[in-house]
2 protein chains.
Amino acid sequence: MTVTAPRGFRAAGVAAGLKSSGAPDVALVVNDGPLQVAAAVFTSNRVQAAPVLWSRQAVADGVVHAVVLNSGGANACTGPEGFLDTHRTAEHVAEVLGCSAGDVLVCSTGLIGERLPMDLLRTGVDAAAGALAADGGPAAARAIMTTDSVPKTTYVEGDGWSVGGMAKGAGMLAPGLATMLCVVTTDAVVAADAADAVLRDATRVTFDRVDSDGCMSTNDTVVLLSSGASGVEVEPAALADAVTRACADLARQLVADAEGASHDVAVTVRGAGTEEAAVAVARAVTRSNLFKAAVFGNDPNWGRVLAAVGTVPVEVAAFDADRVDVSINGVQVCRAGGVGEPRELVDLAAAREVHVEVDLHAGDASATVWTNDLTHDYVHENSAYST
Amino acid sequence: MTVTAPRGFRAAGVAAGLKSSGAPDVALVVNDGPLQVAAAVFTSNRVQAAPVLWSRQAVADGVVHAVVLNSGGANACTGPEGFLDTHRTAEHVAEVLGCSAGDVLVCSTGLIGERLPMDLLRTGVDAAAGALAADGGPAAARAIMTTDSVPKTTYVEGDGWSVGGMAKGAGMLAPGLATMLCVVTTDAVVAADAADAVLRDATRVTFDRVDSDGCMSTNDTVVLLSSGASGVEVEPAALADAVTRACADLARQLVADAEGASHDVAVTVRGAGTEEAAVAVARAVTRSNLFKAAVFGNDPNWGRVLAAVGTVPVEVAAFDADRVDVSINGVQVCRAGGVGEPRELVDLAAAREVHVEVDLHAGDASATVWTNDLTHDYVHENSAYST
């Protein structure tokens, strides 16, 4: 039920010693074809890790044979030496697998600003190559974890073809993309340009709508690999639907496992003039520390929702503040910008999921952005990460 | 050393029962002239509390006789009834003082979405009017506190004239403005349009550069009152300097008292193409929960600084990520986008103040934005505020 579920893929995950804990930290995913079609999207952060710079070039021709991923170090802000480390990693994988380095993507995650221990990484690649197996997906999913408490995998079945996937990410989750590495595989037959379009559309409405802590990473990478091993030529719409479902499933798992969170919060904005306006307003709410701390305290503090809504510039989202309604878990606590039902009717303690609905009464567009509450454990985990 | 330090002002602060704690919650500041010149700036939030809507109109003619302020309730998101409450408060103050309601500003702070108990407020106004005194500034400063642990006051002496001030604010501190109420007084002789220009320039580089938690309030108000009682006609530049120093002093006190903070963090961006670009980059860093949690953990995690810098769009701030330097407390931990001095050389535990310097190497402009670390206590205070 992961990257090796579709036909034509092998994977492995091994412990190379990059993590001081001794947990698995090097993963390899190999596409045995017959097709080696690939697409990828990367962080929109202007500070881009070496593996992002490398992989962006390597995937440009739409052909990828393998993806090597490591946890235990992001290889970000490591200068020309860091880029050389990534390049050498790709060359070593290519040598072991007998392919071109230009067909190897590299993904790294962990602390920024530290060089990777290349000896350990090379040995890890050798071990991973030796362990490659058609049922190696779960081991690979485990090897890319950082502060994740569980591996994230997904599977969507088509008619004679399928989509599988794995992802990591538990903090620094913000759009463009969430801080995450993700590999999605399919045995459907698809052309490179179609794969690219499918992946971009899917990430736009899934990973890009997860905003756990508003912090955008330097290493985010989502890769789609197609082996074509099913021999089934799938309609682009059908493939788009399956890939979007796979990405949505993984995105929800990221939110559910976000560092220190005790609530998953879906902020849905309706009645917006455009989808972009709805996203902007929803994102303003998901970035309000005050509101997110209130949710942690099981306090349906709708005034903090409205205060966040009001920070969106009028040129981004046109609406009249006096017409805005807010419901929390179905209780309309704010009506027309003022007091609605008693906030005491909202019980946030009852469930992990919280649904906030904001109606702008300014159009027909809507969007949902997912976030988490702001908790003591978030502060704890993120104040102790690099030390 | 507060609003009653300049000549021509009386003030009072009383307990009216708006706060369940019984602490003082109604303040009155009266300008006895001979001038009654005033200017004010307000929150840029599109959701504006009733007292903001009222006061914006009342100050438009540049004449203000009195400012009434209450803690214990923001009177925000309270609809037409809330606006009527503000209007009645101004009329009641006007009646008691024998002036026009249109010359009375109203400021409120506290929980959003609850009506004010008007009977208590009216009785409080009567008591405050009876207690007005030329040394009443400290009592007024105390009556506007919410989660503030100390009152904030300031005093700047000129040549035969002076500037005094008080402010409240300890959370929801973000630009446009910080969540705060502030009254600055002067006995300098100044025209209304000059007062307005002076106040706008001062707030732009002081309160608007405090960003404790990225949350912009619905009630922020900064008022400047001139009595002209010194008889000294002050050069606009000299008055601007004094008002800016008063606002800067109060802004620093807000940061120093921010909810739950254990560090005050100054983020200075140098080498920017424009001041606006420098502010945008500094603000991105001050809004990174990950970086702020790291500071709480005394972890000089410069990768999180760089990751935040990289989120600023190129059209907002042009720079090359490979040229960015970052220093923390004088140690250049990041050089040219890569590893600099060892992070172990930075000792964050030694002092409350943390200085982050980012050099973009893209121009000559610079700016500093102040924030705090993200702590357990911040989460605690803001998860329990309204319950």
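What does the structure give for A:370-383 when I average, per residue, the other chain Cβ atoms found within 10 Å of the residue Cβ?
Average neighbour count from other chains, rounded to a whole number: 5.
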note = Phi-derived 3J(HN,Hα) across segment A:316-325 with the Karplus relation (6.51, -1.76, 1.60, θ = phi - 60°), rounded Hz, x for Gly and Pro, is 8, 8, 7, 6, 9, 4, 7, 10, 6, 9
task = Express in nm, to one decimal, how much length is gained between residue A:127 and residue A:332 on full extension, taking 0.36 nm for each residue of separation and deducting their alpha carbon distance.
result = 68.1 nm
query = Can you give the Rg and Dmax of segment B:264-383 based on its C-alpha atoms, in angstrom?
reply = 13.7, 42
query = Helix-derived [θ] at 222 nm for chain A: sum -39500 (n - 2.57) over DSSP H runs of at least 4, divide by residue count, nearest 500?
reply = -9500 deg cm²/dmol
ask   = When only C-alpha pairs under 8 Å and at least 6 residues apart count, what is the relative contact order of chain B, in percent?
value = 18 percent
ask   = How far apart are the residue A:237 label points across copies, placing each 7 Å from Cα toward Cβ, in nm, shortest first?
value = 7.1
19 Å tail of the calculated P(r), segment B:1-50, as % of Cα pairs = 53 percent
key: Per-peptide average of other Cβ atoms within 10 Å, ordering B:141-149, A:220-228, A:127-135 highest first   = A:220-228, B:141-149, A:127-135
task = Please turn the phi angles of segment A:117-134 into ³J(HN,Hα) values with the Karplus equation 6.51 cos²θ - 1.76 cosθ + 1.60 (θ = phi - 60°), one per residue in order, whole Hz, x for glycine and proline.
result = x, 5, 4, 4, 5, 4, 4, x, 4, 4, 5, 5, 4, x, 9, 3, 8, 5
ask   = In terms of solvent-accessible area of protein heavy atoms at a 1.4 angstrom probe, what is the ranking of A:359, A:325, A:61, A:25, highest value first?
value = A:61, A:359, A:325, A:25
query = Expressed in whole Å with the largest first, what are the equivalent ellipsoid semi-axes of segment A:9-256 derived from the C-alpha gyration tensor as the square root of 5 times each eigenvalue?
reply = 25, 20, 16
key: Amide H contacts of residue A:73 (H built 1.01 Å from N, under 5 Å, at least 5 apart or other chain)   = A:109, A:110, A:111
query = By how many nm would the segment from residue B:320 to residue B:150 grow when fully extended, if each residue of separation counts as 0.36 nm and the alpha-carbon distance is taken off?
reply = 56.9 nm
Under-5 Å amide H pairs with residue B:353, H placed in peptide plane, nonlocal only = B:264
ask   = Can you pull the percent of segment A:264-383's accessible area that's carbon plus sulfur, 1.4 Å probe, other chains left in place?
value = 48 percent
ask   = Once the Cβ-Cβ distance between residue B:344 and residue B:95 is put in as r, and R0 is 60 Å, what FRET efficiency do you end up with, to the nearest 0.05?
value = 0.35
ask   = To the nearest 100 Å², how much accessible surface do chains A and B hide from each other in total, with a 1.4 Å probe?
value = 4200 Å²
request  = With the Cα gyration tensor of the protein assembly as shown in hand, give its eigenvalues times 5 under a square root as the equivalent ellipsoid semi-axes, listed largest first in whole angstrom.
outcome  = 54, 28, 20
query = How many lysine pairs in the protein assembly as shown, separated by 8 or more positions in sequence or lying on different chains, have Cα atoms less than 21 Å apart?
reply = 7
Solvent-free Debye scattering, log10 I(q)/I(0), computed from the Cα coordinates of segment B:254-299 at q = 0.19, 0.33 Å⁻¹ = -0.67, -1.17
ask   = Hey, what do the phi angles of segment A:19-30 turn into as Karplus ³J(HN,Hα) couplings, whole Hz, using 6.51/-1.76/1.60 and θ = phi - 60°, x for Gly and Pro?
value = 8, 5, 6, x, 6, x, 8, 10, 10, 9, 10, 10
note = Within 10 Å of the Cβ of an average residue in B:307-317, the count of other chain Cβ atoms is 5
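The values are calculated or read from the model by the stated rules, or taken from the named source; none is laboratory data. All values derive from a computational prediction rather than experimental measurement. As a convention, Cβ positions derive from the backbone with ideal geometry for all residues, glycine included, and neighbour counts pool all protein chains shown. Just the protein is used for accessible areas: all its heavy atoms, side chains included, with ligands, DNA and RNA removed. Shrake-Rupley method; radii C 1.70, N 1.55, O 1.52, S 1.80 Å.
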